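The values are calculated or read from the model by the stated rules, or taken from the named source; none is laboratory data. This is a predicted model, so every value here is computed, not measured. Positions of Cβ are generated from backbone atoms using ideal geometry, with glycine treated the same way; all protein chains shown enter the neighbour counts.
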Amino acid sequence: MKLTVIAGTVAGLLALSSPAYAAPVTVDLRIEGATRTLFEGPVTTDTAPFVATDGPHACGSSPTRGAVISAAAQAGAFTMQASWNATYESPTFETISGENVGYDGATGNFAEQTGSS
């Protein structure tokens, strides 16, 4: 399974990471599963915390990919389970829309995984 964000969205989020100005922004988000699109649509977010399974975590001073995905899940666009990696101050996604999206270190892919996560 691949977790993909449209390149324009990534470029837009990177442009937003300049030091200023955390006004809400709307981006086009697309998340691909192994055999289907898990989500595609506009998402509005700002510097809101990323809400992992264990609670909210600060994402920094500008909108991030985690904040966009978290905002979409909180709005009911899809279900999501994620944990917070304190070492990297970044979310680790476990499931999106009921599909496992965890990183497979053996293959280097975000692939569907068997067993429990």
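Determine, yes or no, whether Ala75 is out of contact with any Phe, Trp or Tyr (no Cβ under 7 Å at 6 or more places or on another chain) and at pLDDT below 80. When the stated conditions are applied, Ala75 does not pass them. A count restricted to the stretch 90-110 and to residues that are closer than 20 Å to Pro49 by Cα and touching a residue at least 12 places away in the same chain (Cβ under 8 Å) stands at 6.
Here the strands (runs of 3 or more DSSP E) wholly within the stretch 1-69 that include at least 1 residues being at pLDDT 75 or above and among the charged types (D, E, K, R) are 25-32, 37-45. I'm trying to understand the selection: among the residues of the stretch 43-95, which are surrounded by 13 or more Cβ atoms within 10 Å (Cβ to Cβ) and among the aromatic types (Phe, Trp, Tyr)? Listed by number, the residues that qualify are Phe50, Phe78, Trp84, Phe93.
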